[in-house]
Amino acid sequence: MRSLSSEGYSLRPEDIRYAINSIASGSETSLKDLFLNNIPVSSKKRFIIPKTETQGLYIEAIRNYDIVIGIGPAGTGKTYLAMAMAINALLKKQVSRIVLARPAVEAGEKLGFLPGDIYEKVNPYLRPLYDALFDMIEAEKASKFIERGIIEIAPLAFMRGRTLNDSFIILDEAQNTTSEQMKMYLTRLGFNSKTVITGDVTQIDLPPGKLSGLVEAEKVLSDTEGIKVIYFSERDVVRHKLVQEIVRAYERYEKRHTEDYKG
């Protein structure tokens, strides 16, 4: 940590907490390698840094595989780091565009009853992707990229019938895709393209009886060469420290509930 500080990296309280957690978990992690494995992006922040060993493995997987599936709880950086890697690839001219997609699941409300046109109706579902994007690229630059179609943010349904070449594609909240949607999405991948699929299999909002496309893809593709699945846990949560405690509390509750049900 002293070495990192001397090289200009400003250590924050959460960095020290991650370091302690890493040591406590028994993993032989080089903190220097962890924090210096950064992703340069065009923003007010100099670069995006993985904060846990799993995040570091995730970044390496995205560098080395064309299809990466990131599964884990909220706040583990699955989408944020994928977005950083996509922007970095665009700035390095490794791809010519970024496509960000999300399934528009009707969680309690029917889209048809919401006011506005289709873009206004689906925009709330896509807002988290905009938030991550504007956190990494200056708003004016990001808006120009969106206007020119270099960065496209769209509901998953808009992907049907397309083949995406020379693109970095991110599918967020993939646990809410159906089996058919996931198969459709995976077959959109074109030449010189990468895709990162992220989701939390414990937060499925599909109607009862509908199989999650992410759950199915995890089983079907886990042994396929060229595809990498990375699993995140509550130890990788990098939001407010209370988010980690909330995730743990729910896991304990669900475990007790399952055991009581079995009993």
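A short reminder: the numbers here are calculations on the coordinates, not readings from a lab. Not measured: the values here are computed from a predicted model. Using ideal geometry, Cβ is built from the backbone for each residue, glycine included, and neighbour counts are taken over all protein chains shown.
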Too long for a 21 Å Cα-Cα cut-off, among Lys194/Lys228; Lys183/Lys219; Lys144/Lys183, are Lys144/Lys183
In region 161-241, taking the dipole from +1 charges on Lys and Arg beta carbons and -1 charges on Asp and Glu beta carbons about the Cα centre, the listed residue (Tyr231, Ala217, Gly190) farthest towards the positive end is Gly190
When you count, for each residue, the other Cβ atoms within 10 Å and take the mean per peptide, how do 52-60, 180-188, 216-224 rank with the highest first? 52-60, 180-188, 216-224
Note, Ile204: beta-carbon cut-off 13 Å, +1 each Lys/Arg, -1 each Asp/Glu, net -4
Between the modelled labels at Asn64 and Gln203 (7 Å from Cα along Cα→Cβ) the distance in nm is 2.9
On full extension of the chain, what length is gained from Glu180 through Lys241, given 0.36 nm per residue of separation minus the C-alpha to C-alpha distance? 18.2 nm
So, in nm, how far is label Arg256 from label Leu189 when the simple model puts each one 7 Å beyond its Cα toward the Cβ? 4.2
So if I place +1 on the C-beta of Lys and Arg and -1 on the C-beta of Asp and Glu, and nothing else carries charge, what would the dipole magnitude of region 183-228 be about its Cα centre? I want it in debye, nearest 20. 200
Size of charge dipole - region 116-240 - debye, nearest 20, with Cβ of Lys, Arg +1 and Asp, Glu -1, no other charges: 280
Test of understanding: extend the Cα→C-beta vector of Val220 to 7 Å, then name every residue of region 172-207 with backbone N under 16 Å from that spot. 174-189, 197-198
